[in-house]
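Report on the structure given below.
The values are calculated or read from the model by the stated rules, or taken from the named source; none is laboratory data. Computed from a predicted model, the values in this text were never measured in an experiment. With ideal geometry, Cβ positions are generated from the backbone for all residues, glycine too; neighbour counts draw on all protein chains shown.
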Ligand SMILES: [Zn+2]
Ligand SMILES: [Zn+2]
């Protein structure tokens, strides 16, 4: 079915997602679906290395931040590979960039769908201080099932593919031994102190 994510891929990624994420919640699978929708519109596969770059618009202190973990699992854009960043706009949206073709797509949560989610019992409990792992499966599971079965157009606003002039940074393999503590530091982390090449910690020490 066009636009429906009940494909095997999405379901098996869901297991990986919750294992990685640590608890069940609606925002993480929404991120998974957002990542998959963006990849589908762009016509790309999950990034093995840095073939994709993702700008995620979530912030660092609000509801639904779990979204980012779903985006990472779907797209292969991860904080470890540094091909994802958070713009801190405090919205549930992503721009996914095909690095080589310099094309991108933006996927944002549909406000109508998000509003209903924010008015759910799950979010009410979270706002009153209940931890996500302490919320009953009868409350959270139907939300997740619903997210996984909705077509992309219900969940998201998906842009057309547009040009994106992406300039990535190449990772360095050049390293030094800090002349203070002897620990290994990659070149961007080296600082000069009294003519010696030192790490951040030794630079700050008196
Ligand atoms: Zn979560
Ligand atoms: Zn040092």
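Tallying residues that are out of contact with any strand residue (DSSP E or B) (no Cβ under 8 Å at 6 or more places or on another chain) and assigned to a helix (DSSP H, G or I) within region 189-206 yields 3. Within region 136-149, the residues that satisfy the criterion of being surrounded by 14 or more Cβ atoms within 10 Å (Cβ to Cβ) and touching a residue at least 60 places away in the same chain (Cβ under 8 Å) are 140, 143, 144, 147, 148.
When you scan region 56-68, do you find a residue that is within 16 Å of ligand 1 (Cβ to nearest atom), part of a helix (DSSP H, G or I), at pLDDT 95 or above and crowded, with 19+ Cβ neighbours inside 10 Å, even just one? Yes, region 56-68 has at least one match. When residue 78 is tested against the conditions (1) in contact with a helix residue (DSSP H, G or I) (Cβ under 8 Å, 6 or more places away or on another chain); (2) in contact (Cβ under 8 Å) with a residue 24 or more places away in the chain; (3) not in a helix (DSSP H, G or I), the lone failure is (2).
For every residue, the table says whether it meets (1) closer than 23 Å to residue 15 by Cα; (2) under 16 Å from the mean Cα position of the chain (by Cα).
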residue	(1), (2)
74	yes, yes
85	no, yes
88	no, yes
93	yes, yes
99	no, no
109	yes, yes
129	no, no
133	yes, no
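Being within 16 Å of ligand 1 (Cβ to nearest atom) and in contact with a helix residue (DSSP H, G or I) (Cβ under 7 Å, 6 or more places away or on another chain) is a description that applies to residue 135.
Listed here are the residues, each with its yes/no results for (1) in contact with a helix residue (DSSP H, G or I) (Cβ under 7 Å, 6 or more places away or on another chain); (2) closer than 24 Å to residue 70 by Cα.
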{"residue": "114", "(1), (2)": "no, yes"}
{"residue": "120", "(1), (2)": "yes, yes"}
{"residue": "144", "(1), (2)": "yes, yes"}
{"residue": "158", "(1), (2)": "yes, yes"}
{"residue": "172", "(1), (2)": "yes, no"}
{"residue": "179", "(1), (2)": "no, no"}
{"residue": "185", "(1), (2)": "no, no"}
{"residue": "199", "(1), (2)": "yes, no"}
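One residue is enough: does region 180-198 have a residue meeting the conditions closer than 30 Å to residue 102 by Cβ and surrounded by fewer than 12 Cβ atoms within 10 Å (Cβ to Cβ)? Scanning region 180-198 turns up at least one residue that is closer than 30 Å to residue 102 by Cβ and surrounded by fewer than 12 Cβ atoms within 10 Å (Cβ to Cβ). Of all residue pairs spaced 6 or more apart or on separate chains, those with beta-carbon atoms under 8 Å, a first member in region 180-198 that is within 22 Å of residue 170 (Cβ to Cβ) and a second member that is surrounded by 10 or more Cβ atoms within 10 Å (Cβ to Cβ) and at pLDDT below 95 are 186/172; 187/172; 188/172. Name the pairs: first residue in region 17-42 and touching a residue at least 24 places away in the same chain (Cβ under 8 Å), second residue in a helix (DSSP H, G or I) and within 16 Å of ligand 2 (Cβ to nearest atom), Cβ to Cβ under 6 Å, at least 6 apart or on different chains? Filtered contacts from region 17-42: no entries.
When region 163-176 is limited to residues that are modelled with pLDDT of 95 or more and touching a strand residue (DSSP E or B) at 6+ places or on another chain (Cβ under 6 Å), the one that is surrounded by the fewest Cβ atoms within 10 Å (Cβ to Cβ) turns out to be 175. Considering 106, 101, the condition of being more than 16 Å from ligand 2 (Cβ to nearest atom) and assigned to a strand (DSSP E or B) is satisfied by 106 alone. Every test in (1) modelled with pLDDT of 95 or more; (2) buried (at least 18 other Cβ atoms within 10 Å of the Cβ); (3) within 12 Å of the chain's Cα centre (by Cα); (4) under 30 Å from residue 126 (Cα atoms) is passed by residue 78 save one, and that test is (2).
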